[in-house]
Amino acid sequence: MARLLQSLYDEHRAIAAVLAAMESLIRDHRQRGAKVDPKVFQAMLYYLDVFPERLHHPKEESLLFARLRSRTSEGAEVLDELAREHATGEASIRALEQALVRYEAGGEAEFAPFAEAAERFIAGYRDHIRREEHDVMPLAERVFTREDWAEIEAAFAANENPLAGAEHDYDQLFQRIVMLAPAPIGLGPAAG
């Protein structure tokens, strides 16, 4: 498998872990009455804002989607939809942040709208990843030539050093989430 695709799959797993942690916080509140710590949830939103929005999605757009569009019209509809979702990703995060602020300020009366907004966001993000992994990546594997992969890998390698430095910061942010989030999500203090 091409290094770019492996990198994208690995990044999807990290994003999925954050989404699962968000979902777990909401579920714990519903099932056990554990308060969703806004600091923990905000750290997760921040991670999704700075990692996928600033690194992951641009890499998909420039290295994978653009090459696919130049090779085939197959998958154009899904690529268009994914590109629209990339373009509106920041606004989706801002909307969820606002729901979190209302929950933090308004307390329990605002939990249901916050939880619904979070669940819509999580479901939408998971569907987005699923379409990339089930529609786009297999299409790339099928239609790209050796020359395509060589050029993609060269472009990926040219960006590897800046990305590696950035990934280190993202790793630290991910570790911060783990340290803040309550068990069993992370290593932080138990939610009360």
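Please treat every number below as a calculation from the coordinates, not as lab data. Keep in mind it's a predicted model, so treat the numbers as computed, not measured. All Cβ positions, glycine included, derive from the backbone under ideal geometry; neighbour counts span all protein chains shown.
Placing a label point 7 Å from the Cα of Glu119 along the Cα-to-Cβ direction, no residue of region 31-51 has a backbone N closer than 11 Å. Relative contact order of region 3-180, taken over Cα pairs closer than 8 Å and 6 or more residues apart, is 35 percent. Between Asp10 and Arg84, the distance separating the two model label sites (each 7 Å from Cα on the Cα→Cβ line) works out to 3.3 nm. Computed from the C-beta positions of Glu104 and Ser62, the FRET efficiency with R₀ = 35 Å rounds to 0.45. A simple packing score, the average count of other Cβ atoms within 10 Å per residue, orders the peptides 6-16, 84-94 as 6-16, 84-94, with the highest score first. With a Förster radius of 25 Å applied to the C-beta separation of Ala76 and Ala158, the computed FRET efficiency comes to 0.40. Between the beta carbons of Ala20 and Arg54, assuming R0 = 22 Å, the FRET efficiency works out to 0.50 to the nearest 0.05.
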